[in-house]
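Below is one structure, written out as structure tokens; the observations come after it.
The values are calculated or read from the model by the stated rules, or taken from the named source; none is laboratory data. Computed from a predicted model, the values in this text were never measured in an experiment. Cβ placement follows ideal geometry from the backbone for every residue including glycine, while neighbour counts extend to all protein chains displayed.
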Amino acid sequence: MKTKIKSLLNELLCFKSEEIQSFLKRLEFMPMHAQKKLLTLLEKAKKQQDELIKNAIKKDPKFYKNLENFLDKATKEIKSDYETKEHKNADKILDEL
């Protein structure tokens, strides 16, 4: 069940990575009945998201490509920011030596 929850959290476009990590940290302490409710909620949200995307594509055939480009750009920016931060941290450690 936890694997399915993790998968759905990653598939839903409405959550930032920090929010996903926060959910995952709390997931370990959730009772089984709460995990079941969360799973049901996430499955409904995924179905609604898929329907919204299908409808958007029907209205604008370029929507999916635009969404894909947006997500690719956002991913590259996040990766670049992370790499820059890690590089600065590494430089700081080396300077201290």
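The condition (being surrounded by 10 or more Cβ atoms within 10 Å (Cβ to Cβ) and aliphatic (A, V, I, L, M)) is satisfied by just one residue among 94, 71: 71. Among the residues of the stretch 12-32, is any polar (S, T, N, Q) and in contact (Cβ under 8 Å) with a residue 24 or more places away in the chain? Yes, some residue in the stretch 12-32 is polar (S, T, N, Q) and in contact (Cβ under 8 Å) with a residue 24 or more places away in the chain.
Applying the set (1) in contact with a Leu (Cβ under 9 Å, 6 or more places away or on another chain); (2) modelled with pLDDT of 90 or more; (3) part of a helix (DSSP H, G or I) to residue 67 leaves exactly one unmet item: (2). When 78, 57, 93 are screened for being among the β-branched types (Val, Ile, Thr), under 29 Å from residue 2 (Cα atoms) and part of a helix (DSSP H, G or I), only 78 passes. Of all the residues in the stretch 22-37, those that are under 16 Å from the mean Cα position of the chain (by Cα) and surrounded by 12 or more Cβ atoms within 10 Å (Cβ to Cβ) number 4. Summed over the stretch 16-53, residues that are farther than 11 Å from residue 5 by Cβ and among the β-branched types (Val, Ile, Thr) total 1.
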